[in-house]
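Quick note: the coordinates plus some simple rules give every number you see, no bench work behind them. Predicted, not measured: the structure shown is a model, and the values here were computed from it. All Cβ positions, even for glycine, are placed from backbone atoms using ideal geometry, and neighbour counts span all protein chains on display.
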Amino acid sequence: RPGRSGPVSQAVERAIQILEMLSQGPQHPAAIAERFGVHRTTALRLLQDLCQGGLARKREDGTFAVGYRLAGLAAAALEQFDLRASAHPFLAELGRKLRLTVHIATVEDGRVIYVDKVEPQGTVRLYSQIGKPVVLHSSGVGKAILAFMPEDERDRLLDGYVYERFTDTTVTTADAFAARLREVRERGWAEDDGEYESFVTCVAVPVRDGTGTVRTAISVTALKAQTDLTALHTHLPAIRHTAQAISRTLGWTR
C-alpha cells in the first residue's frame, strides 16, 4: 500500500542496523539511542521487539546481544549458498585476465578441498582436482585458510597432522608451520614456493563468509618456467579484488 511503504522500509532498515550493531558486540540501549537519535525508551522498545522475535536477547548486565534464533537462521542460510556457483564467474574472469590457473578451496567435513578450478586453454594441466583434499602445509590456499580461520577449528584440522616433505622448500614441523602461518596473517596473503611440486608456485588470499569467518581461499598458480613467484606477487591486487568480490557475494559487507 502506497501510504505504508515508507514507514515499513524505515523500520526494517533500522532493525537491520541494530542487528549489525549487536553482531559487533553487546550494546546498551543508550548506545542504540545515540546511534539513531531517539529517546532511550524508544531504543529499548526496538530492542524488546527484536527480543520477542528471538533475533536479540537481553543479558544480565542490561546490554543486548544477538539472539539464538538469529544464529540458527544464519546457519541455515549459509547452507543455501553454493560456493562454486557463486564464485565461478569471478574465478573465470580472473583466469582470463591473468592467463593463469585459479583455484578456490574451502573447509568441508573436516578437510580443506578444492571446490573449483579454472585453467586457461592451451596450458599444462596442474595436479589439483576439484573435490580432492588440499595438502595443508604445502599449498597457498591451505595456508591462507588456516592462518585466518578460528583458532579452535585450525587446531582440529591440524590435530595429528603429518608434515610430509615433498621438496626442499616444504615445511616439515608443526613449529615451523605455525611460524609460517603467523607470517601469512601479518601480510594478508600466502604463497607456495615450490613446496609440493618444485616447478609450481602460487599466491593465495582468504575469502570471508557472511559472518566474517575465513574457511575459504582463492589462489593463482603457475609453472615457475612460465611465471615466477616475484611475478605472481604483482597480481596480488587483482587476486584480492576477486576475493573481496566473492566475499561480498557470500554476504560480507566490510
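Annotations for the structure displayed:
- Dipole check for the chain: with +1 at the C-beta of Lys and Arg, -1 at the C-beta of Asp and Glu, and the Cα centre as origin, the magnitude is about 1100 Debye.
- Eligible lysines near LYS143 by straight Cα distance, threshold 17 Å, same-chain separation 8 or greater: LYS132
- Relative contact order of the chain, pairs being alpha-carbon contacts under 8 Å that are 6 or more residues apart, as %: 15
- In degrees, nearest ten, helix 40-52 long axis to first principal axis of the chain (Cα): 60
- Only one residue of LEU136, TYR114, GLN226 has its Cα farthest out toward the positive end of the dipole of segment 81-250, where Lys and Arg carry +1 and Asp and Glu -1 on Cβ, and that residue is GLN226.
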